[in-house]
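Below is one structure; the comments refer to it alone.
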Amino acid sequence: MIETFIALLLAHVCADFLLQPDDLAQAKQRRAPLALLLHGVIVLATATATLAPKDAAGVIPLLALTGVHLLIDIAKTWANPTSLRAFLLDQVAHLASLIALTILIPDLAATGAWGGITPLPALMALLAGAVIATQAGGYAIGLLVRPYGRSFRAEGLPKGGQLIGLLERGLIYFFILVGQPSAVGFLIAAKSVLRFDASKRKQKAAEYVIIGTLASFGWAVICAYATLALLEQVPPLGIGAARP
């Protein structure tokens, strides 16, 4: 059962965060039919790729999941789509649909073409966790700090803060997965030193950075330990790098 959920989770995060450019997301918010259709095709394609059904009967549940996915996305457009609350509720709804399909058809992954590849669920869990920690985390943290950023003019490289956040969450995810959580403390200290001189005379900028940093670190830590919990439920990769 857990293998099916992991495969569906990887497909979902790829469709929503890796294969959905900003232009497509904005068109979806306007409920543009072509944008919704294209996103639906991407959702179906990623689910088909991770589960690899052997016949048409295996594709039917994925078509149903795609339809539910689009209904959830359309429902989100009636709320405030640029708020953190709407984003989290949207993702919880998607997660619930993945769990529901897993409960209804638990052997969906086992009966697919990849069912006999023992290390694959662990690899999929690692990849899904990495995407959630980095890409999804960047989007969520951006929504969280957006209201605070309006009170002052941010300085620095274009999208520099986004790249820093992406790198720090990726490093935290890696450190925890390899059993070195203490290294996260050194990362916090290093960022504090580098940011101190730039923000010590600007209270608003300093508080903005602190909020974003703590949220970013917390998100990455939660994702890393959630991934470890998933890895405990599936056969190991067999290369000795995924578990402490």
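Checked across the stretch 62-81, the condition of being touching a residue at least 60 places away in the same chain (Cβ under 8 Å) and aliphatic (A, V, I, L, M) holds for no residue. For the stretch 1-29, what are the residues that are farther than 21 Å from VAL131 by Cβ and either buried (at least 22 other Cβ atoms within 10 Å of the Cβ) or touching a residue at least 40 places away in the same chain (Cβ under 8 Å) (or both)? If the condition is that a residue be farther than 21 Å from VAL131 by Cβ and either buried (at least 22 other Cβ atoms within 10 Å of the Cβ) or touching a residue at least 40 places away in the same chain (Cβ under 8 Å) (or both), then MET1, GLN29 are the ones that fit. So for the stretch 33-56 (the condition being small (Gly, Ala, Ser), surrounded by 18 or more Cβ atoms within 10 Å (Cβ to Cβ) and free of Cβ contacts under 8 Å to residues at least 60 places away in the same chain), does at least one residue qualify? The answer is yes, given that some residue of the stretch 33-56 is small (Gly, Ala, Ser), surrounded by 18 or more Cβ atoms within 10 Å (Cβ to Cβ) and free of Cβ contacts under 8 Å to residues at least 60 places away in the same chain.
Note on the stretch 154-194: among residues that are in a loop (DSSP other than H, G, I, E, B) and either modelled with pLDDT under 75 or among the aliphatic types (A, V, I, L, M) (or both), the one that is nearest to LEU228 (Cα to Cα) is VAL178.
The values are calculated or read from the model by the stated rules, or taken from the named source; none is laboratory data. Only a predicted model underlies this, so the values are computations on that prediction, with no experimental measurement involved. Quick reminder, even Gly has a Cβ in these numbers, built from the backbone with ideal geometry, and neighbours come from all protein chains shown.
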